[in-house]
Each structure stands twice: as C-alpha cells, then as structure tokens.
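Structure record follows, encoded as structure tokens.
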Amino acid sequence: MERSHVGRDCGSRSSPRAFSVPTSNVPMKMSIPFRPKQSLGQNFLHDPNMAEKIVGTLTAPPEAHVVEVGAGTGVLTERLAERHDRLTALEIDERAVEVLRERVPEADVRETDVRETDWAALADEKGGPLRVISNTPYYLTSPILFALLGQRDCLAEAVLTMQKEVAERIVAEPSTKAYGILSVLLQLFAEPTLCFTVPPQVFSPQPDVTSAVVRIRFGPDTEPEDLHFDDARRYVRAAFNQRRKMLRNSLSAWTKEQDVGFPNDWGRKRAEALTPDEFATLARHLDAHADPVPDA
C-alpha cells in the first residue's frame, strides 16, 4: 500500500481562490513588528504569496476547526481567518500574541506552549476533528510530529512547514539513507505528502536551510489494523537506533532473549530494508509472542 507521496495531491479544496506566485526571484516582504528570539527558533514568514500557497495546501472546508501552531505575527493567520470562521492560533511569545489579537481579532488566540497542548481536549472543546497548520520551529518539528501522531484520533489533517531534510525523511522509501523512524511511523499511521519547497528568502531572519511543506492526512483508512502506536514506535525506534545491525541483534530483547523467532527470516535484515507494512507485521508478531520489555 502506497502511503507517502512527493509533490502530488497538494491542491487546495478549502477555497476557490487561486494564489499568485511572484515572477521575480525577489520575494515580496512584510514588516516584522519586533525582533525575533533565537531561543524560540523564530523565523517569521514575510512573503504574502508564499503564505497564500501554504494556506492553499490545507484541504479543510470553510466550516472546519483549524488550529495554527506558532502563529507568529499572523501572516498565515490573516489568510486562514478569511477562509475559516473557526480558527484557533497558538503562540508562546507574548509579543506575538498581542500582535495577533490586534491583527486578527476574530481568531481565538492563546498564549501557550504547543508541547503542552492536549489535542484531544482541544478537539472536544471545538466540537470536531482538528486541522493543524504551522510554520514549525525547526527544533520543535519532531516533538510536534510525534505529539500529533500520538493523538491522531482527534485530527483530520496537518500542513507543516519544516526543514526540507526532515520532510524528505518523512516520505523516504526503504533502503535509502533518509528512511528511518519518522518514515515508518508516519507512513504507517498517516498519509504524508511532500508538497513543495520553501526558499530561505521568504523568512526573516533567513534560516540556513531550505524548508518544505508537508501535508499529513489522518483518518480511519490510514490506520493499520490491530496495531497500537506505542508498541510500533517502541519496536521501530529500537530497530533504527542500531540501524547498521541486523534486526536479530537490534531487537534481541524481544527475540533472542525470549526465544522468539522472526517471520520471513527478517532477523537477517537491517531495519532500513523493511517496508512500513512489513514493520506492522513484525510488530504484531512481537506483540503476540514476546513479553513487553521495560524501558525499551
């Protein structure tokens, strides 16, 4: 089953308006009302055309409950508010919160750390599954991805701008250098699509790397049968933490030490050789035949 895509199916169904892309190589620029904090990983999007393109990637209908993470100075927020009446903006910087409340008064702006967000509680409060969008601070990309995966039952979609290298890992294929923990778990429990790249020049201050926009679809049809996320994550992490070793060694706490064999002679393979679906089969096998390993 194909679970990841590159550059496909990234058109918007949330609004009939088309965005325009500047013909010049020099992006349009919007002012930043305060000095970005390096400690918060702040790189503010200032190009309105790129903002339109990112917002246009969200497939949410107008009545959807949309949550923007790290709303910053509101470049995406303003455009989201034009399309969605039910908009929540999460932001940790009190300076940005003040700007957001003045700039987009119709949005539910909350001063909070996204790492403390209870997505299930927020979905219950808002009355439905959430659509998440974010220009993600690079240092928070993995924590946010794992948080969304862990509470995916209350989510329908996420559109995240992140470091291009991480985006490529998410959609990587088996037996490639980029293939790893994020690849397997996101392709097993969701449907990720790498939509397009974002140049450093559209941010202030400019990051040292190129970014990319990834859309992640969640839903019952992306959920593997009879497989718990925490169990799968435990096995996949153990396998890739020692990715140069054969699985019979990296997973020996569940196999060799408990006299449990591998299906299909997979013990002789490395983690990078197994597809996400094969990891699901292996995880079910270990769940059925091996005892849990404390602190694994």
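A few comments on the model shown:
- For residue 210, the amide hydrogen comes within under 5 Å of the amide hydrogens of 164, counting only partners 5 or more places away or on other chains and with H modelled in the peptide plane.
- Summing charges over neighbours of residue 225, with a neighbour being any other residue whose Cβ is under 13 Å away from its Cβ, gives -4 when K and R count +1 and D and E count -1.
- Debye intensity ratio in log₁₀ form over the Cα atoms of the stretch 136-282, taken at each q of 0.12, 0.13, 0.21 Å⁻¹: -0.53, -0.61, -1.28
- Taking each residue as 0.36 nm, the span from residue 85 to residue 176 lengthens on full extension beyond its C-alpha to C-alpha distance by 28.5 nm.
- Calculated SAXS-style log₁₀ I(q)/I(0) at q = 0.25, 0.26 Å⁻¹ - the stretch 229-289, Debye, Cα scatterers: -1.08, -1.19
- Cysteines without a disulfide-compatible neighbour (Cβ-Cβ under 4.7 Å), the chain: 154
- Summarising the amide proton neighbourhood of residue 89: residues at separation of 5 or more, or on other chains, whose placed amide H is nearer than 5 Å comprise 68, 108, 109, 110.
- Restricting the calculation to Cα atoms, the stretch 194-255 yields a radius of gyration followed by a Dmax of 18.3, 50 Å.
- A straight chain from residue 223 to residue 288 at 0.36 nm per residue would run longer than the Cα-Cα distance by 21.5 nm.
- Database remark: amide H of residue 253 closer than 5 angstrom to no amide H (H placed geometrically; neighbours at sequence offset of 5 or more, or on other chains; Pro and chain starts carry no H).
- Dipole size of the chain about its Cα centre, with +1 on Lys/Arg Cβ and -1 on Asp/Glu Cβ: approximately 1140 debye, rounded to the nearest 20.
- Helix 141-150 vs. the chain, principal-axis angle (Cα, 0 to 90°, nearest 10): 70 degrees
- The stretch 41-104 shape via C-alpha gyration tensor axes, a/c threshold 1.5: oblate
- Helical content alone sets the calculated 222 nm signal of the chain at -9000 deg cm²/dmol, taking -39,500 (n - 2.57) per DSSP H segment of four or more residues and averaging over every residue.
Any read-out appearing in this document is the output of simple, stated calculations on the displayed coordinates, not a laboratory observation. Here the structure is a predicted model, which is why all the values come from computation and not from measurement. Note that each Cβ is placed from the backbone with ideal geometry, even for glycine, and that neighbours are counted across all protein chains shown.
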